[in-house]
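Data block below; observations after.
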Amino acid sequence: ATANGFGSTTILATMAVAGEPLILGSATFNEQASSPQPIADIATLSVYKVGNGSGTVKATYDNPAGVVTQILDCGSGAQCVGSVPTGSLVTLTTTPDQTTTPASTFGGWSNNCDSTSANANPEVCTLTVANNETVAAIFNK
């Protein structure tokens, strides 16, 4: 790159195979002076599963390209953690375990997914992640 912000940069990816260099690929980027783009702050989303029942919790958000991206999938564990850019609208969805006897039911949300943020389907919660967030999904038998 040149000092005035114009020019090009070539990146060459290599590795050694049997002591000999092997070129994996290269790319050239044309640089233009521009304002630096802010890097999104990242927040941690912690999900706990509580109660005497069992189930799963999945969390997704729409990334900047408009693609639904899964942040986490809490299977059999009691807690899982994922990362998401701050300001993201996250959708949490529960699935009570129906293979147990008696079958588990969803008992509600606690912490930041209270009843005021629940959708028409109580097993779904949406929240805007402003900072690190902790949410609990309650499963009953």
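The values are calculated or read from the model by the stated rules, or taken from the named source; none is laboratory data. Not measured: the values here are computed from a predicted model. A quick note on method: Cβ atoms are made from the backbone with ideal geometry, for glycine too, and the neighbour counts reach across all protein chains shown. To get the accessible areas, we keep the full protein, side chains included, count just its heavy atoms, and leave off ligands, DNA and RNA. Shrake-Rupley method; radii C 1.70, N 1.55, O 1.52, S 1.80 Å.
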Inset, instruction - Six or more apart or on different chains, Cβ under 9 Å: which pairs go from a residue in region 97-110 that's touching a residue at least 12 places away in the same chain (Cβ under 8 Å) to one that's open to solvent by 40 Å² or more (accessible area, probe 1.4 Å) and among the aromatic types (Phe, Trp, Tyr)? Could you list them? - result: 110/48
Inset, instruction - Considering only residues that are farther than 17 Å from residue 127 by Cα and at pLDDT 90 or above, look in region 50-78 and name the one that is surrounded by the most Cβ atoms within 10 Å (Cβ to Cβ). - result: 55
Inset, instruction - Go over the candidates 118, 33, 3 one by one and state the one that is closer than 17 Å to residue 140 by Cβ and at pLDDT below 85. - result: 118
Legend entry - Scan of region 53-105 for residues that are over 13 Å from the mean Cα position of the chain (by Cα), hydrophobic (A, V, I, L, M, F, W, C) and under 18 Å from residue 134 (Cα atoms), ordered by number: 78
Legend entry - Check on residue 128, closer than 18 Å to residue 46 by Cβ, in a strand (DSSP E or B) and modelled with pLDDT under 90: yes
